[in-house]
Amino acid sequence: MRFASMLVAAATIGVAAHPLAAQQDTSHHVRKAAQKANSLKAQARITEDSARVIALAGLPAGSMVRESELEREKGTIVWSFDIKAPGRTGIEEVLVSALDAHVVSKSHETPKMEAAEAARDRRAAKKP
């Protein structure tokens, strides 16, 4: 009887500790992402607001930025903008150099392409 109650207590502690371990793992990834973002911001010479103006300049009036981030892509540091243009499905992805403000790339992503990219991002976020 005593052995059974010890097993129940051990199982209870294990179950209670599991969410804490997951929380610690998540906070580690959040800290690491914040450190990476701070490092990129220190290197960027172009502000997000300036890059946003450049990204929207080649798109129809009424286009709205849905998401933006500073990242290393295509061999340089860029401000990446996902922009919803009126009357179009999907998004326009515009990368503006955070070093000299030139448009690094501009591409259209269909909803299917967006979903595939989101899935890749989720898988990459889970890797240590």
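The values are calculated or read from the model by the stated rules, or taken from the named source; none is laboratory data. These numbers come from a predicted model, not from an experiment. A quick note on method: Cβ atoms are made from the backbone with ideal geometry, for glycine too, and the neighbour counts reach across all protein chains shown.
Points worth noting:
- Filter pass, Ser39 being under 15 Å from Ser107 (Cα atoms) and either within 19 Å of the chain's Cα centre (by Cα) or not in a helix (DSSP H, G or I) (or both): no
- Tabulated pairs, the stretch 47-62, first over 16 Å from Leu95 (Cβ atoms), second surrounded by 13 or more Cβ atoms within 10 Å (Cβ to Cβ) and aliphatic (A, V, I, L, M), C-beta under 9 angstrom, 6+ apart or interchain: Pro60/Ala85; Gly62/Ala85
- Of all residues in the stretch 100-120, none are touching a His at 6+ places or on another chain (Cβ under 8 Å), closer than 22 Å to Ser39 by Cβ and at pLDDT 95 or above.
- Residue in the stretch 1-9 that is modelled with pLDDT of 95 or more, aromatic (Phe, Trp, Tyr) and out of contact with any Cys (no Cβ under 7 Å at 6 or more places or on another chain) present: no
- Where Ser97 falls short, out of the listed (1) at pLDDT 90 or above; (2) within 15 Å of the chain's Cα centre (by Cα); (3) small (Gly, Ala, Ser): (2)
- Sub-7 Å Cβ pairs linking a first residue in the stretch 72-85 that is polar (S, T, N, Q) to a second residue that is assigned to a strand (DSSP E or B), at least 6 apart or interchain, are Thr76/Ser97; Thr76/Val104; Ser80/Ser68; Ser80/Glu69; Ser80/Glu71; Ser80/Glu73; Ser80/Glu93; Ser80/Leu95, ordered by first then second residue.
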